[in-house]
1. So which residues in the range 224-268 are surrounded by 22 or more Cβ atoms within 10 Å (Cβ to Cβ), of a type in the set (Gly, Ala, Ser) and either in a loop (DSSP other than H, G, I, E, B) or not assigned by TED's automatic domain parsing to the domain that holds Gly69 (or both), if there are any at all?
2. Looking only at the range 482-490, decide whether some residue is of a type in the set (Val, Ile, Thr) and touching a strand residue (DSSP E or B) at 6+ places or on another chain (Cβ under 9 Å).
3. Quickly run through the range 444-479 and pick out the residues that are assigned to a loop (DSSP other than H, G, I, E, B) and more than 12 Å from Leu408 (Cα to Cα).
4. Which one of these does Ser420 not meet: (1) under 21 Å from Thr317 (Cα atoms); (2) under 27 Å from the mean Cα position of the chain (by Cα); (3) of a type in the set (Ser, Thr, Tyr)?
5. I'd like the full set of residues that are surrounded by 14 or more Cβ atoms within 10 Å (Cβ to Cβ) and over 19 Å from the mean Cα position of the chain (by Cα), limited to the range 384-403.
6. Taking the range 358-386 as the region of interest, how many residues are of a type in the set (Val, Ile, Thr) and under 19 Å from Asp326 (Cα atoms)?
7. Hey, which of the strands (runs of 3 or more DSSP E) in the range 381-432, taking only ones fully inside, have at least 3 residues that are closer than 16 Å to Tyr213 by Cα and not assigned by TED's automatic domain parsing to the domain that holds Leu141?
8. Given (1) surrounded by fewer than 15 Cβ atoms within 10 Å (Cβ to Cβ); (2) closer than 23 Å to Gly123 by Cα, identify the lone condition not met by Gly300.
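The values are calculated or read from the model by the stated rules, or taken from the named source; none is laboratory data. None of the values given here were measured: they were computed from a predicted structure. Backbone-built Cβ (ideal geometry, glycine too); neighbour counts: all protein chains shown.
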Amino acid sequence: MKNRHARPIVALSTALPAGFAAHAIAVTIACSCVWSVSYARDTASDVRYTDLLARLGAAAPTGAGIGVGQIEANEGSNYTPDQTLADFSGTAFVVNGSSPAASWHATEVGKAFYGNTLSIAPGITNVWCWSASPYVTTAYLKVGSGGTVAPSTPPTGLRVFNHSWIGSFGSFSNDNDALRRLDFAINRDQLTVVAGVNNGAGSAAQPMMAYSYNGIAVGLPNGAHSNSLTPANIDGPNRRKPDMVAPGQFTSFATPVVGAAAALLWDTADSHPNTAGNGNAARAVTVKAALMAGTQHRAGWSNGAPESGASKGITTTPLDAIYGADLLDINRSHLIYTGGEATGFAAPQPSTFERHAGWDYIPTVVANTSVYWSFRVHQPVDEVSVVATWHRLVATNFGSWTLQDFDLRWWKLVNGVPTSISGAEGAGIYASGNVESNSTVDNAEHLFIRNLAAGDYVLELKRKAGSQLAMPVCVAWYIPETVPSNPADLDNDGSVGAADLALLLSQWGTNGSADLSGNGSVGAEDLSILLASWG
């Protein structure tokens with residue numbers, strides 16, 4: 001990647017709606033990068049997009065049919081990409097506002113987001129553009145319009161919004177109104193919203209839009225970004241941001257890489273046999289859970305769980321203080337997403353085991369109750385990653401909000417009975433990481449377990465006692481595949497029988513786990529293999 005001379009920060013202010021508090025919004029961008037094809041290749045490799053292509057070939061999602069929104073701070077009066085570039089050939093742009101000259105920053109963000117040669121989602125062809133200040137105020141979120149005016153609804157087909165800018169009204173009240181309205185819109189309209197945090201390690205964070213609960217805040221793999229906790233006067237103080245990181249010289253250019261990855265999953269929701277027709281796959285919280293659970297946890301990543309003693313494996317801070325869930329891995333997230341939806345149980349199951357990559361969207365969990373999933377791990381695995389995430393519920397008048405409190409815990413099944421591996425009891429079962437995630441402030445819980453021994457395990461999601469209104473929660477997981485002694489034993493209960501046959505028939509015509517022949521589709525050949533192993 002070739003460096004360009006540093007460009008000055010561009011700031012602007014705008015008048016707010018009549019009757020609104022007298023604070024102007026300050027919106028900034030910082031950029032000094034020129035994209036190159038070699039950089040794009042590095043990015044594709046770093047986020048495992050090349051692995052996705054190698055695995056799926058022509059069947060890989062491209063983002064086709066998924067509309068995206070690009071919100072930009074102005075450069076002078078300019079905030080749209082250069083629509084004449086070959087990299088945007090075939091892209092239909094809708095500019096919400098005047099049609100200004102091209103913005104350099106918007107062009108570079110667009111290349112990473114949906115460009116034909118530089119994006120991991122080149123199939124995106126419908127792009128809506130907004131200038132940040134009117135987007136936040138009069139044009140979309142309607143900050144300052146009072147409790148009777150809701151945010152606008154997105155154009156048909158728009159699924160992902162990208163915010164490669166930072167800003168503040170200079171008023172906690174107004175900033176909170178913006179964030180509440182954004183979270184309200186995400187939940188109402190089922191949107192993925194990605195937002196970059198400020199550049200510079202140790203730099204001052206800005207609330208818009210990275211302090212959102214329901215969106216995804218993005219930082220950099222080298223840690224050269226703001227990582228301060230949300231402050232006392234912002235809704236939900238002491239939450240950790242960013243949520244994850246992606247390649248880019250600056251967060252402006254890392255953020256659309258995550259946005260493009262989200263577009264690939266939204267595309268998959270419509271096109272893959274394990275997700276098409278499943279309304280729970282087409283949920284913002286499901287996409288977010290799959291992206292966060294699939295991340296690469298690099299050397300040094302930690303969410304603060306002690307590695308020995310009585311508190312071994314227990315943390316109240318689910319994410320790394322700098323890197324969040326860590327580096328985007330779209331191949332692994334796609335495996336999770338296409339693993340299909342599981343069905344959790346109200347009690348631990350000693351003989352019904354889940355696939356090693358998958359998710360479960362639970363519309364309601366009653367306070368002070370749990371949901372369980374069981375897993376059989378046939379050989380030791382290097383890692384286990386589990387994420388639970390849920391939205392905050394913002395009141396329709398934007399004057400209040402509520403948030404449920406969930407915990408995650410990983411148990412070992414011993415003779416069919418869940419047994420604690422927290423503290424000293426985890427010795428010899430896993431090397432490091434955490435088997436409990438117990439935050440009281442975040443809307444995500446995360447287990448990351450290193451070097452887990454073979455055996456049977458139970459995952460527990462527990463909703464803590466509380467009177468908050470119930471909201472859906474999604475749990476997503478990734479465990480490297482291990483091989484049973486008999487591959488036809490699809491439910492891993494030690495015998496090939498009726499339950500395995502039912503699983504095979506339920507996956508007929510798909511590329512699910514019952515593809516015993518490895519020909520890419522479950523069919524007659526696989527049925528013959530299973531019947532030959534009966535009993």
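1. Result: Ser226, Ala246, Gly248.
2. Restricting attention to the range 482-490, the residues satisfying the condition of being of a type in the set (Val, Ile, Thr) are 482-483.
If we keep only those that are touching a strand residue (DSSP E or B) at 6+ places or on another chain (Cβ under 9 Å) as well, we get 482.
Yes, the range 482-490 contains at least one residue that is of a type in the set (Val, Ile, Thr) and touching a strand residue (DSSP E or B) at 6+ places or on another chain (Cβ under 9 Å).
3. Initially, the range 444-479 is screened for residues assigned to a loop (DSSP other than H, G, I, E, B), giving 453-454, 464-472, 479.
Once the filter is applied, which keeps residues that are assigned to a loop (DSSP other than H, G, I, E, B) and more than 12 Å from Leu408 (Cα to Cα), the range 444-479 yields Ala453, Ala454, Ala465, Gly466, Ser467, Gln468, Leu469, Ala470, Met471, Pro472, Ile479.
4. The one condition Ser420 does not meet is (2).
5. If we filter the range 384-403 for residues that are surrounded by 14 or more Cβ atoms within 10 Å (Cβ to Cβ), which is where we start, we get 384-394, 398, 401-403.
Residues satisfying the conditions are Val394, Phe398, Trp401, Thr402.
6. Looking only at the range 358-386, we keep the residues that are of a type in the set (Val, Ile, Thr), and these are 362, 364-366, 369, 371, 377, 381, 384, 386.
Those left that are additionally under 19 Å from Asp326 (Cα atoms): 384, 386.
So the count comes out to 2.
7. Values: elements: 381-390, 406-414, 417-419.
Once the strands (runs of 3 or more DSSP E) in the range 381-432 are filtered for at least 3 residues that are closer than 16 Å to Tyr213 by Cα and not assigned by TED's automatic domain parsing to the domain that holds Leu141, what remains is 381-390.
8. (2)
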